[in-house]
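Written below as structure tokens is the structure these notes are about.
The values are calculated or read from the model by the stated rules, or taken from the named source; none is laboratory data. All of these numbers come straight from a predicted model, not from anything done at the bench. Virtual Cβ from ideal backbone geometry, glycine too; neighbours counted across all protein chains shown.
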Amino acid sequence: MLKQSARIIVLFALVVLVAGCGSPAPASPTATIASPTATSVPPSPASVSGDTWTRTYGGSRNTVVGSVLPADDGGYFIVGTTNLEFEPTQRGNVYLVRTDAAGKVVWEKTYGQEGYHQGLGVAKADDGSLLIVGVTSSASTQGMDAYLLKVDQEGNEIWSRTYGGPLDEFTGAIGQTPDGAYILGGNIVDPNDRVADPGAAGYGGFEGRSNLYLLKVDADGNELWSRAYESKDNVLASGGALTPDGGFLALATVTYFPDPNNDILLMKLDGNGDEVWSRTWTDGRTYPHGLIPTADGNYLITSSYAPAEPADAKEDFLFIKIDPQGNEIWRSTFGDPDSIDYGVVLAQATGGGYVAVGERTKDRYTWDADITLVKIDENGQLLWRQDRAAAHTMLSALLQHPDGGFVIAGGLSRGSVFNIILIKTDSEGKVAE
């Protein structure tokens, strides 16, 4: 049960809210995704330069990661969920780890002793405290509700809030708006409107119909407004970015169970959560995972892509660069023809280009997947690729390190338990073993 339910955690952790550039524009006709044309490049040589390391967290407890926030001293705040169980009852606690610059634990805290609490995203408040966003379910809530927890720099709880109604509200990301408030993003799910089989691949563990959900709160966690974007389709949040005008770009997957040919949806919303425009990419089998603003004022999407036919075609990396109005600038596809390859989390690389961390697997219906890290240039051409043998991975964060390397956060199966893994690579994605 961990794989299916933990997919929910990964899905909402990928709604990455970061400041970007954008402006409203009128709607345009639906775009399409072309067939893959680029070829793969072999991994770089195995030599490693610079400081690299690998750390795990959670010990004997099932523990998964939601997000990572750099600390002022070069260390990290890792947010996730620990004591995770789904049978015979569902339970879990928000987990916060403070590390030093080498990833070693300074302290760790858990929150939410009653019921089920997920820690999925984290942001730093103006007063230096941390805001942790996630999901909660207890005897006092109706199903799943959105959850916001404020703690100080030492992990001491200041307050917590829950938000929601009769449906299930899932929030997994948080970002600060220009007016000092915060946007929480994720999905709202109607568990009684069944659209997929239990555990269907690519449905986040949901059986009920899902739609995009945004919630705006003030600095004290008081709700200002919430919006559910209802549609006849099933829509799963994949990523997002705040825009300088106080609005928001929301990236999502549109699914049509049991048809595997998903679409990519991009919506521009204003500061009140009203839709300004939307774009949809409809060709083939796609599953968008992330969206970041780029240094040149545009945006980059990472997704998987396979043509609609044949049905057993393997998915490849897909990157789409768009302008602030959602118009496509370029796209790039590449991958191993004998495996499924896709990027989950994106980062702008120091000195130009972009890096994505994702998974490589032979079979989408198994739990075995290796970690793969790729770097592309400003035009989407593959520069290098590094693959790391793993099993049952779930990736959720990628940070550029000041020394030019990268910090990857994810989950890793360690026999009978699932743990958080933090990997520090060098500038070419290599790690000393």
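The table that follows gives values for the structure above.
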{"item": "Odd one out for residue 377 among (1) surrounded by 15 or more Cβ atoms within 10 Å (Cβ to Cβ); (2) at pLDDT 95 or above", "result": "(1)"}
{"item": "Verdict on residue 247 being at positive phi, crowded, with 21+ Cβ neighbours inside 10 Å and at pLDDT below 95", "result": "no"}
{"item": "Residue list for the range 404-420, restricted to those being surrounded by fewer than 23 Cβ atoms within 10 Å (Cβ to Cβ), in contact with a Phe, Trp or Tyr (Cβ under 8 Å, 6 or more places away or on another chain) and among the aliphatic types (A, V, I, L, M)", "result": "407, 412"}
{"item": "First in the range 323-350 and on the phi > 0 side of the Ramachandran plot and assigned to a loop (DSSP other than H, G, I, E, B), second anywhere and surrounded by fewer than 21 Cβ atoms within 10 Å (Cβ to Cβ) and of a type in the set (Ser, Thr, Tyr), Cβ under 7 Å, 6 or more apart", "result": "335/40"}
{"item": "Which numbered condition residue 146 misses (of (1) buried (at least 23 other Cβ atoms within 10 Å of the Cβ); (2) of a type in the set (Gly, Ala, Ser); (3) in contact with a helix residue (DSSP H, G or I) (Cβ under 8 Å, 6 or more places away or on another chain); (4) more than 24 Å from residue 299 (Cα to Cα))", "result": "(3)"}
{"item": "Those residues of the range 370-386 which are of a type outside the set (Lys, Arg), over 15 Å from residue 407 (Cα atoms) and touching a Leu at 6+ places or on another chain (Cβ under 8 Å), in sequence order", "result": "376, 377"}
{"item": "Cross-chain or 6+ apart pairs with Cβ under 6 Å, the range 238-265 first and without any contact (Cβ under 8 Å) to a residue 40 or more places away in the chain, then of a type in the set (S, T, N, Q)", "result": "263/280; 263/282; 265/280"}
{"item": "Residue list for the range 172-203, filter: within 15 Å of residue 144 (Cβ to Cβ) and at pLDDT below 90", "result": "none"}
{"item": "Flag for residue 282 being surrounded by 24 or more Cβ atoms within 10 Å (Cβ to Cβ) and either more than 21 Å from the chain's Cα centre (by Cα) or at pLDDT below 95 (or both)", "result": "no"}
{"item": "Elements of type strands (runs of 3 or more DSSP E) in the range 67-177, at least 1 residues being polar (S, T, N, Q)", "result": "76-85, 91-99, 105-111, 116-124, 130-137, 157-163, 168-176"}
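One line per residue, one yes/no per condition, for (1) modelled with pLDDT of 95 or more; (2) more than 16 Å from the chain's Cα centre (by Cα); (3) within 26 Å of residue 280 (Cα to Cα):
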| position | (1), (2), (3) |
| --- | --- |
| 321 | yes, yes, yes |
| 329 | yes, yes, yes |
| 349 | yes, yes, no |
| 381 | yes, yes, yes |
| 393 | no, no, no |
